[in-house]
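Taking it in order: structure first as structure tokens, then the write-up.
The values are calculated or read from the model by the stated rules, or taken from the named source; none is laboratory data. Just so you know, these numbers come straight off a predicted model, no measurement behind them. Cβ coordinates were reconstructed from backbone atoms using ideal geometry, including for glycine residues, and neighbour counts include every protein chain displayed.
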Amino acid sequence: MRGIGAPWGRTAAFAAAITAPPTPPTLPAEPTPKAPSLPAEPTPKAPERPTEPFTLHWDAPEGCPTQAALAEQISMLLADPAAGGEVSAEVELRRQPASFAGTLALRTPWGTSTREIQAERCETVAEATALLIAIAIDPLATHHTLERTHGAPIGSPPNEDEPEDDPEIPGLAPTAFESFTAPIAPDPRVRPTPPSTVPPPDRPPRVHQGFVRLEAGGGLGPFPQAGVTLAGAIGYRTRWLRVGAHARYWAPQRIGHPLDSTVAADLSLWGAGAHGCAGPRWNEIELPVCASLDAGLMRGEGRGTLARVGTDRRPWVAARLGPALAWSPRPFLGLWAGFDVAFAVLRPRFHIDPLGPIFEMPIPSGRAFIAIEARFP
């Protein structure tokens, strides 16, 4: 039994090895190809933002604040110095006998401007300059800083819990803000309104004025030949109406008798009357139409070889009507030009004995004139 079992055991093990499926050979694993590594591109850096949004050029006499001190004051006024717009400022500070004067030239995205600043101390000029530049960079931030350090906004009720003494910005005296008011820089997003081209209204003339007028002219009608006439008037005027009194004089003329050339008469005429005018007016131009009633005397003096030649005076009355043009270059001055026509109602008549009539005033007459008028008050 022991000898049979041993060979069977070896046979069974061999049969089992034959019937078992063959084990595939194990091959070494191929290495996984690696992607070629490229050099990493450097990450682009954001452009560095300037720490100060302004360019400052400061020229001041010795003993005044330096440019660095002025820049520090501007930064103190701005909550975020890099948040405003780009501003370029040039400042020239000059010493005067009793004060300091500074010229500030600002260049901003919305334009340029120049300001003059004057104070007794150069520190005050520097503080005002810092305030102007800060307002140009960021007006809201500057306002908040001033509100935080120099009190509440204008118009707000006082807070009793707050101490009376407000904190101040180091190195920045409050006198610069109390004695200097700077305009708020315009918002560049708002389009400025163009200036109006409508001219200002003309100054209205005075409604009530007195006047004195002098006239000179020439006419035809009272005498057979054209003659020279002088006149003066005084009165009162409103915007559309005027009333007054006047006096007129016609220069004398010599008239010969038609029947005897050795006999003549010298005739002259004067008169006075009242007048009224009405007419439209446009600024300095006035177009009055005047009517008047005149009365006076005509004087006749005989000339010649006759023994009965003498002097006589005869009354006359006439109604007058005519337009004129008046221009007022000044409120107290008026220049006139016009003409009128007269119609005699009562006509004087002269004769020389024994030759008979020598002259009778015609019914119509006319004259043209120029005048200058003074107005008061």
(request) Spot the failing condition for residue 286; the list is (1) surrounded by 15 or more Cβ atoms within 10 Å (Cβ to Cβ); (2) more than 41 Å from the chain's Cα centre (by Cα); (3) acidic (Asp, Glu), and only one is missed. (result) (2)
(message) Of the residues 332, 339, 343, only one is aromatic (Phe, Trp, Tyr) and either surrounded by 19 or more Cβ atoms within 10 Å (Cβ to Cβ) or over 48 Å from the mean Cα position of the chain (by Cα) (or both); which?
(response) 343
(request) Hey, can you tell me all the residues within the stretch 242-283 that are modelled with pLDDT under 95, loosely packed, with under 15 Cβ neighbours inside 10 Å and under 48 Å from the mean Cα position of the chain (by Cα)? (result) 280, 281, 282, 283
(request) Would you please name the residue that is surrounded by the fewest Cβ atoms within 10 Å (Cβ to Cβ), looking only at residues in the stretch 75-92 that are at pLDDT below 85, touching an Asp or Glu at 6+ places or on another chain (Cβ under 8 Å) and under 20 Å from residue 115 (Cβ atoms)? (result) 85
(request) Please identify the pairs in which a residue from the stretch 105-122 that is closer than 15 Å to residue 137 by Cα has its Cβ atom under 7 Å from the Cβ atom of a residue that is modelled with pLDDT under 85 and part of a loop (DSSP other than H, G, I, E, B), counting only partners at least 6 apart or on another chain. (result) 108/85; 108/185; 109/85; 109/86; 109/188; 110/186; 110/188
(message) For the stretch 223-237, check the following and say yes or no: at least one residue is surrounded by fewer than 13 Cβ atoms within 10 Å (Cβ to Cβ), hydrophobic (A, V, I, L, M, F, W, C), closer than 30 Å to residue 328 by Cβ and at pLDDT 95 or above.
(response) yes
(message) I'd like the residue in the stretch 346-371 that is within 58 Å of the chain's Cα centre (by Cα) and small (Gly, Ala, Ser) and, out of all such residues, is nearest to residue 335 (Cα to Cα).
(response) 371
(request) For the stretch 104-137, enumerate the residues that are part of a strand (DSSP E or B) and either touching a His at 6+ places or on another chain (Cβ under 7 Å) or acidic (Asp, Glu) (or both). (result) 116
